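See below for the structure under consideration.
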Amino acid sequence: QVQLVESGGGLVHTGGSLKLSCAASGSIFRIFTMGWYRQAPGNQRELVATITDGGSTNYADSVKGRFTISRDSAKNTAYLQMNSLKPEDTAVYYCSADLQRMGATATFRYWGQGTQVTVSS
């Protein structure tokens, strides 16, 4: 069993900051890429940011310069520091992890349950 648990969502005013955390646990052999996605009501899920096990990062244009993704590989945890938040950042944020389970050869993507981020104007 593998579980991803997100935390850190909440309500914040425009211009405020939040830091999301995503902890992966279970029978994990190796985590490759971890990522954050978001889905606003009526919209498709979209990429926010990803980080590889080598530390390479990728961001959606809409969050570049405002959001920072990081990870602590020893803790199997990824973070998303969100600054200068805007109302359009309001969404459910989901964590993902592309990982290999103990005793397995294939890599699969796992998802967290999501955490709500609401930015008021």
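Worth pointing out:
- Accessible surface, per residue, of the chain when the full set of protein chains is kept, probe 1.4 Å, Å²: 52 Å²
- Summed residue charge, Cβ within 13 Å of Ser120's Cβ, Lys/Arg positive, Asp/Glu negative: -1
- Computed on protein heavy atoms with a 1.4 Å probe, the accessible areas place Leu4, Leu18, Leu11 in the order Leu11, Leu18, Leu4, largest first.
- Couplings for segment 39-44, taken from phi via the Karplus curve 6.51 cos²θ - 1.76 cosθ + 1.60 with θ = phi - 60°, read 9, 8, x, x, 10, 7 Hz in order; Gly and Pro are left as x.
- Positive minus negative residues near Arg45 (Lys, Arg vs Asp, Glu; Cβ under 15 Å): -1
- For the chain, the residue among Ser121, Val2, Ala91 whose Cα projects farthest onto the positive side of the dipole built from Cβ charges is Val2.
- Packing order of peptides 22-30, 98-106, highest average first: 22-30, 98-106 (average count of other Cβ atoms within 10 Å over each peptide's residues).
- DSSP finds beta bridges in segment 1-90, and of those with both partners inside it, around 100 percent are antiparallel.
- Residue ranges 76-83, 46-53 sort as 76-83, 46-53 when ordered by packing (mean number of other C-beta atoms within 10 Å per residue, highest first).
The values are calculated or read from the model by the stated rules, or taken from the named source; none is laboratory data. Every value quoted in this text rests on a predicted model; they were computed, and no experiment measured them. Using ideal geometry, Cβ is built from the backbone for each residue, glycine included, and neighbour counts are taken over all protein chains shown. The accessibility values were calculated without ligands, DNA or RNA, using every heavy atom of the protein model including side chains. Shrake-Rupley method; radii C 1.70, N 1.55, O 1.52, S 1.80 Å.
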